[in-house]
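Here the structure comes first, spelled out in structure tokens, and everything after it is commentary.
The values are calculated or read from the model by the stated rules, or taken from the named source; none is laboratory data. Keep in mind that what you see is a predicted model, and the values were worked out from it rather than measured. Every residue, glycine as well, gets a Cβ built from its backbone with ideal geometry; the counts of neighbours run over all protein chains shown.
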Amino acid sequence: VLPHPWLLKERFFEDVDEFLKKLTSYGLSGIETTGPVPNIFTNRLNIIKEKAKQYNLIETGGSDFHSEKYLTENILGNYNISYNVIKKLQEKIN
């Protein structure tokens, strides 16, 4: 699973299709789309959500809680994924 894709370096995000094609050829199954995303990355997150569908990637996420100092709106337990995401990931592993 690719975590924090909105934080990709510009050179990777400029050609995100090629980057994701390469990663999926190596076995990438999912991409983080749920969690505390700073407002400056909202556009990137929208693009990532479209790409998740395009490349049939499982959309994952969570609070990724490091501390309130890291991101003040990141409150432990605020971001959840459905159990179906876990089941999909398990199916990919098996």
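Please specify each residue of the stretch 38-80 satisfying the condition of being assigned to a loop (DSSP other than H, G, I, E, B), modelled with pLDDT of 80 or more and within 14 Å of Pro3 (Cβ to Cβ).
At the first step, the residues of the stretch 38-80 found to be assigned to a loop (DSSP other than H, G, I, E, B) are 38, 55-57, 62-80.
Applying the additional criterion that residues be modelled with pLDDT of 80 or more yields 38, 55-57.
Correct list: Leu57 only.
What number of residues within the stretch 28-37 are assigned to a loop (DSSP other than H, G, I, E, B) and within 17 Å of Lys88 (Cβ to Cβ)?
Qualifying residue count, the stretch 28-37: 2.
For the stretch 40-57, indicate whether the set of residues that are within 23 Å of Asn94 (Cα to Cα) and of a type in the set (Val, Ile, Thr) is non-empty. Looking through the stretch 40-57, none of the residues is within 23 Å of Asn94 (Cα to Cα) and of a type in the set (Val, Ile, Thr).
Would you tally the residues in the stretch 1-27 being outside any loop (DSSP other than H, G, I, E, B) and not aromatic (Phe, Trp, Tyr)? Steps first, answer last, please.
Within the stretch 1-27, the first condition is being outside any loop (DSSP other than H, G, I, E, B), and the residues that meet it are 2, 5-7, 10-14, 16-25.
Retained after the next criterion (residues that are not aromatic (Phe, Trp, Tyr)): 2, 5, 7, 10-11, 14, 16-18, 20-25.
Of the residues in that region, 15 qualify.
Of everything in the stretch 21-37, what is at pLDDT 90 or above, among the hydroxyl-bearing types (Ser, Thr, Tyr) and crowded, with 16+ Cβ neighbours inside 10 Å? Give them in sequence order. Step through it out loud before you land on a result.
Narrowing the stretch 21-37 to residues at pLDDT 90 or above: 21-33.
From what's left, among the hydroxyl-bearing types (Ser, Thr, Tyr): 24-26, 29, 33.
Hits for the stretch 21-37 are Ser29, Thr33.
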